[in-house]
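All of the numbers you see were taken from the coordinates with simple rules; none came from a lab. Keep in mind it's a predicted model, so treat the numbers as computed, not measured. Cβ sites come from the backbone with ideal geometry, for glycine too, and all protein chains shown count toward neighbours.
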Amino acid sequence: MESLKLLAVFAHPDDESMGMGGTLAKYSAEGVDTYLVCASRGERGWPGLEEQNPGLSRLGQIRTVELENAVKELGMKGLYFLDYIDGDVDQAPYAEAISRIVTHIRRIRPQVVVTFPPDGNYGHPDHIAMSQFTSAAIVCAADANYQDAENLPAHRISKFYYMVDAENFINLISPFMGDMTFPVDDQLCGEFPWKEWMVTTRIDMAEHCKTAFQALQCHQSQLPTLGALAEMPEDAAASVLAMQGTFYRVFSLVNGGRAIETDLFAGLR
């Protein structure tokens, strides 16, 4: 059998560690080949005083290094950038963005792909765009008539997941995070947790959450956005992160039913 491979497709440096660091660390430690496609280099993600903002180019360089270090901490096998600008991902040429993701899917040939849910977890336009681009790319990657830039052979994944924030986790972290709203145009967006009954898959990765916390610490420029969570002792922070491993199974070619999965590779092992 082919080696097991997991591809995560996100928008910014830190999405991987803040969203599913424990899960990525767990599968990497088990010998699964884990990969990350990141749409941007986080050029606009400056949480400090504006007069101290290093600017798009320099901040992108800083956050690229932070992500490279986090990926190493998580034991991931590969990191790839789409090189769109943070905050403008939803303005990327859709056919081009889809094609770039198709190329990565066909080159890596993962069985499992994970990305954001359709609401982007809390309404971030970049997250929503990556959910849509990735969903389209999965369809195109399986179509032998679709030509990507490298003319790679078609690849059909076996399982597709959304990384979701469940209600219990959000209720736990809300007191530490402060205001979790996000203005988009004339709307005020925010976290809308998934009900516990909506979750199809729960990954027990508690023993890997110290690694996840260390990966989070690699994103030094972003720690102010985590509020008190970033300042917790490692053991306490790891116990919070252990509640994260919740996913929604969008489709599977190898299993189904109401039973809660405990493995993204259920049906493939």
Given charges at beta-carbon only (K, R positive; D, E negative), |dipole| of the chain in Debye = 1100 debye
In order over the range 132-149: 3J(HN,Hα) from phi, Karplus 6.51/-1.76/1.60, θ = phi - 60°, whole Hz, x for each Gly or Pro, gives 5, 4, 5, 4, 5, 5, 4, 5, 5, 4, 8, 8, 5, 8, 8, 9, 8, 4
Other-chain or far-sequence residues with amide H under 5 Å of Cys189's (modelled H) = Phe182, Val184
Along the dipole axis of the chain (charges at Cβ: +1 for Lys and Arg, -1 for Asp and Glu; origin at the Cα centre), the most positive-end residue among Leu6, Pro117, Leu59 is Leu6
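Based only on Cα atoms, what Rg/Rh ratio does the range 134-243 have, Rh being taken as Kirkwood's radius? Walk me through the intermediate numbers first.
Details: Rg = 18.6 Å, Rh = 17.2 Å.
Result: Rg/Rh = 1.08.
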Computed over the chain, the Cα gyration tensor eigenvalues, each multiplied by 5 and square-rooted, give semi-axes in Å (largest first) of 27, 23, 18
Arranged from highest to lowest average of other beta-carbon atoms within 10 Å per residue, in what order do the peptides 108-115, 148-155 appear?
-> 108-115, 148-155
Karplus couplings for the range 3-11 from phi (6.51 cos²θ - 1.76 cosθ + 1.60, θ = phi - 60°), rounded to Hz, Gly and Pro as x?
-> 5, 6, 9, 10, 10, 9, 10, 10, 9
Work through the residues other than Asp165 whose Cβ is under 14 Å from its Cβ and net out their charges, Lys, Arg +1 and Asp, Glu -1.
-> -3
Calculate how many DSSP beta bridges within the chain are antiparallel, expressed in % of all such bridges and rounded to the nearest 5.
-> 35 percent
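Which net charge results for the neighbourhood of Gln214, defined as the other residues with beta-carbon distances under 10 angstrom from its beta-carbon, given Lys and Arg at +1 and Asp and Glu at -1? Walk me through the numbers before you get to the answer.
Working: positive: Lys210; negative: Glu73, Glu234.
Combined, the nearby Lys, Arg, Asp and Glu give -1.
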CD proxy, 222 nm, the chain: helix-only mean residue ellipticity via -39,500 (n - 2.57) per DSSP H run with n ≥ 4, per residue, nearest 500, stands at -11500 deg cm²/dmol
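So for the chain, averaging the separation of alpha carbon pairs under 8 Å that are six or more residues apart and normalising by length, what relative contact order in percent results?
Numbers: 529 pairs, mean separation 63.5, N = 269.
Dividing the mean separation by the residue count of the chain yields 24 percent.
How high is the relative contact order of the range 114-269, in percent, counting Cα pairs under 8 Å that sit 6 or more residues apart? Intermediate results must be reported in sequence, preceding the final value.
Values: 216 pairs, mean separation 44.4, N = 156.
Dividing the mean separation by the residue count of the range 114-269 yields 28 percent.
From the square roots a ≥ b ≥ c of the eigenvalues of the alpha-carbon gyration tensor of the range 32-134, which class results: rounded (a/c under 1.5), prolate (a/b over b/c), or oblate? Spell out each step's value before the answer.
Working: a/c = 1.89, a/b = 1.31, b/c = 1.44.
Since a/c reaches 1.5 but b/c is at least a/b, the shape of the range 32-134 is classed as oblate.
Can you give me the convex hull volume of the Cα atoms of the range 1-78, divided per residue and expressed in Å³?
It comes to 81 Å³ per residue, whole-number rounded.
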Report the local net charge at Ile128: Lys and Arg +1, Asp and Glu -1, summed over other residues whose C-beta lies under 11 Å from its C-beta.
-> -3
The set of residues whose placed amide H lies less than 5 Å from the amide H of Leu82, leaving out same-chain residues fewer than 5 positions away, is Cys38, Ala39, Ser40
